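The values are calculated or read from the model by the stated rules, or taken from the named source; none is laboratory data. Here the structure is a predicted model, which is why all the values come from computation and not from measurement. Cβ placement follows ideal geometry from the backbone for every residue including glycine, while neighbour counts extend to all protein chains displayed. Please note that ligands, DNA and RNA were not included when accessible areas were found on the heavy atoms of the full protein model with its side chains. Shrake-Rupley method; radii C 1.70, N 1.55, O 1.52, S 1.80 Å.
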Amino acid sequence: MRNVIFAINITLDGCCDHTKGIADEELLEYYAHLLRGVDLLVFGRKTYQLMVPYWPDVARNRSGTKAEIEFADTFDSINKIVFSQSLDSAEAANTRIVRTNLRDEILKLKKEQGKNILIGGVAIPSQLIELGLVDEYHFVVQPIIAGEGRRLCEGISLPEKLQLKLIESKIFKSGCVALRYLNQ
């Protein structure tokens, strides 16, 4: 069975706003490595539209640093699913829009053959956390106190607290810390 992996940058005060953090070469290499272990990316509309067309354009135009191009190439090559009721069409060729029940679709995808599934953003992952469908968590903690912004898991109700097991950590030169947890 495929695992659902959630990865996100988060500030010390819990903000998940992508504009508040660090995106240096070392972090891009970390995320490119993570992407190589999956064959499906799952987003909601907002996160998808933040990522596409930006990263496919970097891959196509070869614009950016070596790490940005490597991340972009890897990102662009992976199949994507966007959960959306409002998106009419997807810009990336290897993207499918899904309008059905999130829980049922993820359970179906987990049973399919393939590498792991990576989810990104805040809304869809929060719903999947609430449903107990996230198997692994990658938090890259940024050495920043943002003071404002969207927080992970706002408005969800867990039936019980999640007990996670730390299985890996990495400290970056920037002061960011990557924490990898398994759901127990």
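Numerical summary
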item: Fraction in percent of alpha-carbon pairs per bin - 5 Å, the range 52-130; result: 3, 13, 21, 22, 19, 13, 7, 2
item: Residue-level accessible surface for ARG2, protein heavy atoms, 1.4 Å, Å²; result: 10
item: Projected label distance in nm at CYS153 and ASN3, using a 7 Å step from Cα toward the beta-carbon; result: 1.9
item: With DNA, RNA and ligands ignored, accessible area of ARG150 (1.4 Å probe; Å², nearest 10); result: 110
item: Relative contact order of the range 1-74, pairs being alpha-carbon contacts under 8 Å that are 6 or more residues apart, as %; result: 31
item: Longest segment of the chain lacking GluC sites (Glu not before Pro) that sit in a DSSP loop with at most 16 other Cβ atoms within 10 Å; result: 1-90
item: Over the range 1-125, relative contact order from alpha-carbon pairs under 8 Å, at least 6 apart, %; result: 42
item: Local net charge near ASP104, Cβ-Cβ under 14 Å (Lys/Arg +1, Asp/Glu -1); result: +3
item: Portion, in percent, of the accessible area of the chain that falls on carbon or sulfur, probe 1.4 Å; result: 50
item: Two-site label geometry, LYS161 and ASP17: point separation in nm, points 7 Å out along Cα→Cβ; result: 2.9
item: ³J(HN,Hα) computed for each position of the range 178-183 - Karplus, 6.51 cos²θ - 1.76 cosθ + 1.60, integer Hz, glycine/proline x; result: 8, 10, 10, 10, 9, 6
item: Hydrodynamic radius (Kirkwood) for the range 102-184, which is based on Cα pairs only, to one decimal in Å; result: 14.6
item: Proximal lysines relative to LYS108, as straight alpha-carbon distance under 28 Å, when same-chain residues fewer than 8 apart are discounted; result: LYS46, LYS80, LYS161, LYS165
item: 5 angstrom amide H check on ARG150, placed H, neighbours 5+ away; result: CYS16, ASP17
item: The chain - accessible surface per residue (Å², probe 1.4 Å); result: 53
item: Solvent-accessible area of SER174 with every protein chain in place, 1.4 Å probe, in Å² to the nearest 10; result: 40
item: For the chain, alpha-carbon Rg relative to the globular expectation (2.2 N^0.38 Å, N residues); result: 0.99
